[in-house]
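Here's the structure we're looking at; comments come further down.
The values are calculated or read from the model by the stated rules, or taken from the named source; none is laboratory data. Just so we're clear, the structure is a prediction, and the values are computed from it rather than from any experiment. All Cβ positions, even for glycine, are placed from backbone atoms using ideal geometry, and neighbour counts span all protein chains on display.
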Amino acid sequence: MSDEFDSVVEHPFDDALSQRYLVYALSTITARSLPDLRDGLKPVQRRLLWAMRQLRLDPGQAYKKSATVVGEVIGKYHPHGNDSIYDAMVRLAQDFSLRYPLVDGQGNFGNIDGDNAAAFRYTEARLTPVAAELLAGLDEGTVDFRQSFNGENEEPELLPGLFPNLLANGASGIAVGMATSIPPHNAAELIDAATILIDTPTADDAQLLEVVKGPDFPTGGVLVDNQATIALAYATGRGAFRVRARWSLEKGSQGSWTAVVTEIPYQVQKGKLIEQIAALISDRKLPILADVRDESDERIRIVIEPRSRTVDADVLMESLFRLTDLEVRVPLNLNVLDATRTPRVLGLKAVVGQWVTFQLEVLVRRANHRIGRIDDRLELLEGYLIAFLNLDRVIEIIRTEDEPKPLMIAEFGLSDRQAEAILNMRLRSLRRLEEMQLKGERDALHKEREGLQQLVESPARQRTRLKKDLAALRTKYGPETAIGARRTAIEEAAPARDIPLEAMIEREPITVILSKRGWIRAMKGHVEVTNAEALKFKEGDSLAFPLLHAHTTDKLLLASSDGRFYTLAADKLPGGRGFGEPVKLMVDIEGEGNVVALLRAGGAEKLLLASSDGRGFLTSAAGAVAETRKGKQIVNLKPGAKLKVVRPIPPGHDYLAVVGENRKLVVYPLAELPEMGRGQGVQLQRYRDGGLSDAKTYKAEEGLSWPMGGEGGRTRNEDMNPWRTARGAAGRMPPQGFPRDNRFD
């Protein structure tokens, strides 16, 4: 027992914990979550492809059960759960996840709706030609091998193939303290970028972006970011891309139409997307949308129906882009393991440049490996030529000597390998020992070796050879091929449009009722008769303003006597049953009972504002709309003055009539008033005592009208010239019959 405790070493707990956590973190980063820049694969993906190669699941061979592959990977190379390995295999086979799938799956490997793949006992798989490109060269000394976890097998540290897999297929992963997110790209564009860097290593990102237009997603879609945003993301290695669904307009009979979505953004599940759109309909959050149907088969076809044929198609789709995953942001985080297996965030140039450097190393290693094989063969050929020239003596030595090998080495100057090869020859091979054939093969190998040696010694030849190999690869994945044609369009979207309120709120008629004590409510429909039953108020309360006919899509303006304007959304008003709610719960109006006007913001283009001291001006109705509960100050009042008149100006009105509390009336052209966004305004009428009573605009050709009698009648005075004067004059008594309350309405 004492021996056991003697081996225990005391160590601070926090140090021991941090050291062990660091080991775990590094293991997660380098051996699980981040792809290697050189082949673009994580260890589990690399081991899957290597195991399938060992099982001879080449593109031209028969499929084998996925369970066989998963078992091979678990047993020999990757001792983790079978679910994680099979999930990685499934992703490599999904043509909607990878731009260039590496596994050719047969059976249910999931779909774009979001359905899971079948269990691995039901599916079969083999390698794709793209995977074969990645695996090419493994037998040619191009990369190092290492022992598997149990030391019984070997696995490659990298895959050497000449396919730009990291950017072509992208990657995603979350490690400890870092993550990676790389969208797929077009292989032909990446090859063109690599060719530029081979020719001009000092080329900048702008030159590369002339050929690399942006991500190329397997599901297509439209990239709508501007070039500056795309360039910044690739220069820094961090950013995001706005990707929209591709849609078109299909016209029907009698002017009807539907919007048909044929491509959806990357990694968006079609089933959940349709649920999102359907939820907008059921929750009535997008009234201009009527229905959505999924008519997809092998190809995506989502049909979107508007509420009516008068709906603007662009407005409908812009609304859906904002409210659903028909538009998403695909992140870019080029965090990868570089050539030293160090996690780094790199820009586009650095990623392509380091991949080119790796391919040049592979090229040199392949050449050196071939030179070694040629040297081995040349050694044997020289031995065969010696044996051919001395065939009778060689046969004699073999027949007469118990140990012919030492004698042959001594007599003919052979190496041990040469002598062993001659002794191991079968008799039938003697007929092939023709001097011309042996010399021809030897000369051909010498010529090949010379070319390879020049390649190894000349960086210029290496670059030329790599360009030639890349050009050959581009013919397989060029834009003119089915697999290489770009799928994602690059179309910068127009500036974001303001979505009309009608798109978000169902347009319904309402009648707005505001009481003198500030209680507000909205009755459905346009109420014409103000009977007592429809307009019940609390005791001591009554109607403050005439009933206001509006729609749920309108914005309402409230003007207070202190010159401040507030805005209410008509759809947010309480219902007409009961007494409503205090308007002060909706906006921050100071004081009590000081609302002087209630009107629709869109009821007129301009407003006439006048204060009790006889000053006023014109203002834009749109400019009076406030964005917050606190409202917007429009009229600056002198001490003791109050805002008294707020009137919309109908089209065609060109004159202004002003009457004071002293019952004096003036009229003059409306053009004499300034239009202001905020201020005190100008003097409308001069008073010796009292102040302004009312003001109103009218058409000069029609004359001025006012109420007459008690039954809603009106009278009109067409000739107002006797009262026409300069702005700011005192005025004269109004015509006979003018209301005693000195008001025009």
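Tabulated results
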item	result
Exclusive hit being surrounded by fewer than 14 Cβ atoms within 10 Å (Cβ to Cβ) and of a type in the set (Lys, Arg), set Arg727, Arg732	Arg732
Count of residues meeting criterion [under 29 Å from Ala624 (Cα atoms), of a type in the set (Asp, Glu) and more than 56 Å from the chain's Cα centre (by Cα)] in the range 665-724	1
Every residue from the range 139-191 that is in contact with a strand residue (DSSP E or B) (Cβ under 6 Å, 6 or more places away or on another chain), assigned by TED's automatic domain parsing to the domain that holds Tyr77 and hydrophobic (A, V, I, L, M, F, W, C)	Val143, Phe145
Test result for Asp144, of a type in the set (D, E, K, R) and out of contact with any helix residue (DSSP H, G or I) (no Cβ under 8 Å at 6 or more places or on another chain)	yes
Elements of type helices (runs of 4 or more DSSP H) in the range 141-243, at least 2 residues being hydrophobic (A, V, I, L, M, F, W, C) and without any contact (Cβ under 8 Å) to a residue 40 or more places away in the chain	227-236
Top-ranked residue of the range 81-122 - restricted to ones that are β-branched (Val, Ile, Thr) and under 26 Å from the mean Cα position of the chain (by Cα), ranked as modelled with the highest pLDDT	Val90
Qualifying strands (runs of 3 or more DSSP E) (wholly inside the range 555-637; at least 3 residues being out of contact with any helix residue (DSSP H, G or I) (no Cβ under 9 Å at 6 or more places or on another chain))	595-600, 606-611, 615-620
Filtered residues of the range 599-629 (kept if within 39 Å of the chain's Cα centre (by Cα) and basic (Lys, Arg))	Arg600, Arg629
Given (1) buried (at least 18 other Cβ atoms within 10 Å of the Cβ); (2) touching a strand residue (DSSP E or B) at 6+ places or on another chain (Cβ under 6 Å), number of the condition Ser515 does not satisfy	(2)
Residue among Ala125, Ala62, Ala131 that alone is in a helix (DSSP H, G or I) and either more than 28 Å from the chain's Cα centre (by Cα) or aliphatic (A, V, I, L, M) (or both)	Ala131
Qualifying positions in the range 56-79 - surrounded by fewer than 16 Cβ atoms within 10 Å (Cβ to Cβ) and either without any contact (Cβ under 8 Å) to a residue 40 or more places away in the chain or under 21 Å from Gly151 (Cβ atoms) (or both)	Arg56, Gly60, Gly71, Gly75, Pro79
Tally of residues being modelled with pLDDT of 90 or more and surrounded by fewer than 16 Cβ atoms within 10 Å (Cβ to Cβ) across the range 589-621	1
Residue that is farthest from Ala171 (Cα to Cα), among those in the range 261-289 that are among the polar types (S, T, N, Q) and in a helix (DSSP H, G or I)	Ser282
Residue satisfying all of: in the range 501-532; modelled with pLDDT under 75 and not aliphatic (A, V, I, L, M); farthest from Met317 (Cα to Cα) among these	Asn531
Only one of Ala171, Ala179, Ala175 that is within 21 Å of Ser97 (Cα to Cα), at pLDDT below 95, surrounded by 22 or more Cβ atoms within 10 Å (Cβ to Cβ) and of a type outside the set (Val, Ile, Thr)	Ala171
Any hit, the range 146-160, residues being of a type in the set (A, V, I, L, M, F, W, C), modelled with pLDDT of 95 or more and closer than 23 Å to Ala489 by Cα	no
Residue among Arg309, Arg373, Arg377, Arg322 that alone is surrounded by fewer than 16 Cβ atoms within 10 Å (Cβ to Cβ) and not in a helix (DSSP H, G or I)	Arg309
Residue match in the range 17-28 (condition: at pLDDT 90 or above and under 31 Å from the mean Cα position of the chain (by Cα))	no
Residues satisfying the stated conditions in the range 125-179, i.e. of a type in the set (Val, Ile, Thr) and in contact with a Ser or Thr (Cβ under 8 Å, 6 or more places away or on another chain)	Ile174, Val176
Lone unmet requirement of (1) under 22 Å from Gly170 (Cα atoms); (2) at pLDDT below 85 for Leu49	(2)
Cβ pairs under 8 Å, 6+ apart, first in the range 608-636 and more than 19 Å from Asn594 (Cβ to Cβ) and not assigned by TED's automatic domain parsing to the domain that holds Lys555, second among the aromatic types (Phe, Trp, Tyr) and not in a loop (DSSP other than H, G, I, E, B)	Val625/Phe565
